[in-house]
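For reference, the structure discussed in these notes is given below.
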Amino acid sequence: MRVMPISCGATRNGGAGMEAKAVAEEYCLGRDGTGCMCRRRFWRCCCEWWIVAAGNGLIYMNLAGVRAGMLTVEGLTVKAGDRIILEDISFTIGPGEVHILLGPNGSGKSTLLRAVMGMGDLEIVSGKIIFKGVDITRLSVDERARMGLGIAVQRSPALPEVRLGDLADLLAERYGTNWRSSSRALNCDYLLDRGLHENFSGGESKRAELLQLMIQNPQLVLVDEPESGVDLENIAVVGEALNSLLKGEKIKERAKSGLIITHTGYILNYVNADRGYVMINGRLVCEGNPRDLFEVIDKRGFEGCMECVTCKR
């Protein structure tokens, strides 16, 4: 996928020559979609419209969205069956930022990650999910994965007929990555000939999920309770691997963004989170420094977040 401005004078429903004109002239689309009269180059233009050339298609996106964040969720309300699970959820994760999501069981945390990834039988009642400036609210799971989203779920189904090693090879071929060193770092080598998640312990399942995520190497990492069912020794392995994935190849700054659900907060010993949220009954009720939020929760429970006046949304 590559980003480029569209030529002035072209419309959003322009003909087959639109892409060629855009590459040749490099002028912006304009706010109303009919072409910009300012005739400025795209990096100085006031109109803030770019297009993304993805395969044979063209996707329009607002440059302001790209500047604002890696992931932006705007007024998201989600139903499962007849029940509203998430209500009016809004937040932004900037490039290179990692955010933590806290909340009691059944509050909707996992549903939020699945909604962002496009998984499950969920109905988006209202709101938008925007990834790098592109509205992905109605895109499928595989389309989102190809764009750079990846998820490690809390509980994975057992697939005895699928060997972990075979799946790793398929993913590596698809994403062009080498997974052997990641497998060794996660102590997964002895799992490669076993059926995926078949009689895996909690720690083994988490390490296998994280291995798949590291092979995919997504730009936005979604992780559901990496400490769940994992002993202290495996938490260290999972935490260090997750931190390595988020850092990527950059040294001075984080290369990827992340949204991590955690109950215990152990993951904060390995991943330096920038922001934390508390979700109760499908709503984000407060936000702030993750460690400060944990301190309040530890002393007063999640009810204390409902009463907080300094960080209430």
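What follows is calculated from the coordinates using simple rules that are stated; it is not laboratory data. Treat the numbers as computed from the prediction; the structure is a model and nothing was measured.
Output the pairs from K109/K256; K109/K132; K79/K206; K247/K299 with a Cα-Cα distance over 25 Å in this structure; if there are none, say none. It would help to have the intermediate numbers written out before the result.
Numbers: K109/K256 21 Å; K109/K132 22 Å; K79/K206 28 Å; K247/K299 32 Å.
Table pairs above 25 Å Cα-Cα are K79/K206; K247/K299.
Could you work out how far the C-alpha centroid of segment 80-146 sits from that of segment 154-201, in angstrom?
26
Quote the relative contact order of segment 74-190 in percent (integer), defining contacts as alpha-carbon pairs under 8 Å separated by 6+ residues.
RCO, segment 74-190: 21 percent.
Once you sort the root eigenvalues of the Cα gyration tensor of segment 163-228 as a ≥ b ≥ c, which label holds: rounded (a/c under 1.5), prolate (a/b larger than b/c) or oblate (the other case)?
Since a/c reaches 1.5 but b/c is at least a/b, the shape of segment 163-228 is classed as oblate.
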